[in-house]
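Asks: My questions all concern the structure below.
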Amino acid sequence: MKYTKILIIVGGILLLVGSLAHCFTYIWAPYVFAAGAVFMVVHSFLMAQDLRQKDNRTMRLGRIGFMSTLMLLLAAYCMFVHSTSWVVFLLIYVLISLFVSFRMPNE
């Protein structure tokens, strides 16, 4: 469980640095953002696997959270092809993960 905390902290920092660097048009920004997106996808996948023994509602929310982190990969792709729609995919990820965080039961 300790490694998942490290994954989410490092992934979040890389996402923040990558998105801010992309706003200032640094050439390395998509790579940093993509690395953070991969960390977040791996974290979300591991958390969805841990929720398999829970009830149906919790499993469904875990799957929704995993599917929303795939939006980060789409945002990274949009950064690489120089499209401005990466902001939309990032916003979709943020809104869905905010919804999931409030709906997920406390343990």
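Read-outs: derived from the displayed coordinates by stated rules, not from any lab. A quick note: this is a predicted structure, and the numbers were derived from the prediction, not measured. No Cβ is skipped: glycine too gets one built from the backbone with ideal geometry, and neighbour counts run over all protein chains shown.
Asks: Quick one: angle between helix 29-50 and the longest Cα principal axis of the chain, in degrees between 0 and 90, rounded to 10, please.
Replies: With both axes taken from Cα atoms, the answer is about 10 degrees.
Asks: For the pair F99/L70, report the inter-label distance in nm, with labels modelled 7 Å from Cα in the Cβ direction.
Replies: Result for the modelled spin labels: 1.6 nm.
Asks: Could you list Y26, Y3 so that the one with the fewest beta carbons within 10 Å of its beta carbon is first and the one with the most is last?
Replies: On the way: Y26 14, Y3 10.
So the ranking, lowest neighbour count to highest, is Y3, Y26.
Asks: Place a point 7 Å from Cα of R60 in the direction of its Cβ. Which residues in segment 86-107 have their backbone N less than 11 Å from it?
Replies: none
Asks: Of the candidates S97, S85, S44, which one comes out as most mobile in a Gaussian network treatment of the chain with C-alpha springs shorter than 10 Å?
Replies: S85
Asks: Can you give me the P(r) profile for segment 2-103? Cα pairs, bins 10 angstrom wide beginning at 0, each as a whole percent.
Replies: 17, 47, 27, 8, 1
Asks: What residue among I92, I13, I27 shows peak mean-square fluctuation when the chain is described by a Gaussian network model with Cα springs under 10 Å?
Replies: Among I92, I13, I27, the largest mean-square fluctuation in the Gaussian network model of the chain belongs to I27.
Asks: Sticking with this one: Return a whole-number percent for the relative contact order of the chain, with Cα pairs under 8 Å and 6 or more residues apart as the contact set.
Replies: Relative contact order comes out at 22 percent.
Asks: Fewest to most neighbouring Cβ within 10 Å: what's the order for T69, T4?
Replies: Arranged by neighbour count, lowest to highest, T69, T4 become T4, T69.
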